[in-house]
Amino acid sequence: MTNGYLLSFEGPDGAGKTTVLEMLFPLLKEKVSQPILITREPGGVQISERIRDVILDINHTQMDSKTELLLYIAARRQHWVEKVAPALEEGHLVLIDRFIDSSVAYQGAGRGLDKEAISWLNDYATDKRQPDMTLYFDVPSEVGLKRISQNENREINRLDLEALELHQKVRSGYLALVNSNHDRIVTIDATKPLNEVVKIAYSHIIGFLEKHSI
Ligand code: TYD
């Protein structure tokens, strides 16, 4: 049994969720009494950051899709055991930038790998823990990719260089996930101005915490 709450942030590349998370942190810190942990996948701990470097290296164009999936899962497992699960045990509110749904959308819908295998591997990596709420930042693929190419501060990774078609499949994968998980996933229109997106995300999180009487 864990005491904390796990909220995941998901979306296609260029949806802006990482920026939204950074802007949310000071707002939530002021409002919420419990400790807050913000972390990301793939990465978050040393071993997983090293796996991240292998996955996202733009020179690794020969990487097989199943290898890619297994590396994300390995990174997830280590991050889970070392950082996320202990933080939940200690009662943290954990906000995670990408989690299990990214594997379903990218490796499942995007790469066409077996969804059941992905679901099993996700469960294996997280000891079956699902997020308590997922904020899905929705943006059309063309808009997301345009934002990435215009953002000078963002380092281009191997996934960013993939064809538009992959990114469109990823978005469809997310929309299918939303459709079958209405109780867990809320959709936020990430084409809106940043301040508005932050406001909407903030109100969803506060609403969730109030519902769970924190
Ligand atoms: P990152 O630079 O963190 O992108 P973003 O800021 O959009 O999250 O790179 C992470 C990339 O890894 C991103 O393209 C999504 C991809 N990814 C997967 O394909 N599967 C996964 O399970 C995870 C966690 C990420």
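Just so you know, in segment 148-168 the residues that are more than 13 Å from the ligand (Cβ to nearest atom) and not in a loop (DSSP other than H, G, I, E, B) include one that is modelled with the highest pLDDT, and it is Gln168.
Would it be correct to say that Ser203 is out of contact with any strand residue (DSSP E or B) (no Cβ under 6 Å at 6 or more places or on another chain), touching a residue at least 12 places away in the same chain (Cβ under 8 Å), hydroxyl-bearing (Ser, Thr, Tyr) and open to solvent by less than 70 Å² (accessible area, probe 1.4 Å)? So Ser203 does not fit the description; no. Inclusion of Thr18 among residues that are of a type in the set (Ser, Thr, Tyr), surrounded by fewer than 20 Cβ atoms within 10 Å (Cβ to Cβ) and either assigned to a loop (DSSP other than H, G, I, E, B) or more than 16 Å from the chain's Cα centre (by Cα) (or both) is not warranted. Arg171 satisfies every condition listed in (1) in contact with a strand residue (DSSP E or B) (Cβ under 9 Å, 6 or more places away or on another chain); (2) not in a helix (DSSP H, G or I) except (2).
Number of residues in segment 86-99 that are surrounded by fewer than 21 Cβ atoms within 10 Å (Cβ to Cβ) and within 16 Å of the chain's Cα centre (by Cα) equals 1. If you go through segment 121-142 and pick out every residue that is among the hydrophobic types (A, V, I, L, M, F, W, C) and over 27 Å from Gly207 (Cβ atoms), you end up with 2. Take the conditions (1) in a helix (DSSP H, G or I); (2) free of Cβ contacts under 8 Å to residues at least 60 places away in the same chain; (3) within 14 Å of the ligand (Cβ to nearest atom); Pro42 misses just one of them, which is (1). Just checking, does segment 67-80 include any residue being within 11 Å of the ligand (Cβ to nearest atom), touching a helix residue (DSSP H, G or I) at 6+ places or on another chain (Cβ under 9 Å), among the aromatic types (Phe, Trp, Tyr) and in a helix (DSSP H, G or I)? Yes, segment 67-80 contains at least one residue that is within 11 Å of the ligand (Cβ to nearest atom), touching a helix residue (DSSP H, G or I) at 6+ places or on another chain (Cβ under 9 Å), among the aromatic types (Phe, Trp, Tyr) and in a helix (DSSP H, G or I). Taking the criterion of being open to solvent by less than 60 Å² (accessible area, probe 1.4 Å), acidic (Asp, Glu) and under 16 Å from the mean Cα position of the chain (by Cα), would at least one residue in segment 53-67 satisfy it? Scanning segment 53-67, I find no residue that is open to solvent by less than 60 Å² (accessible area, probe 1.4 Å), acidic (Asp, Glu) and under 16 Å from the mean Cα position of the chain (by Cα), so the answer is no. Considering segment 1-24 alone, what residues qualify as being more than 16 Å from the ligand (Cβ to nearest atom) and not β-branched (Val, Ile, Thr)? Scanning segment 1-24 gives Met1, Asn3, Gly4, Tyr5.
The set of residues in segment 106-129 that are over 17 Å from Ala75 (Cα atoms) and either near the ligand (Cβ under 8 Å from one of its atoms) or not in a helix (DSSP H, G or I) (or both) comprises Gly110, Arg111, Gly112, Leu113, Asp114.
Could you look through segment 81-105, keep only residues that are under 24 Å from Asn181 (Cβ atoms) and not in a helix (DSSP H, G or I), and pick out the one that is nearest to the ligand (Cβ to nearest atom)? Among those that are under 24 Å from Asn181 (Cβ atoms) and not in a helix (DSSP H, G or I), it is Arg98.
The values are calculated or read from the model by the stated rules, or taken from the named source; none is laboratory data. All of these numbers come straight from a predicted model, not from anything done at the bench. Quick reminder, even Gly has a Cβ in these numbers, built from the backbone with ideal geometry, and neighbours come from all protein chains shown. Only protein heavy atoms, including side chains, enter the accessible area calculation; ligands, DNA and RNA are left aside. Shrake-Rupley method; radii C 1.70, N 1.55, O 1.52, S 1.80 Å.
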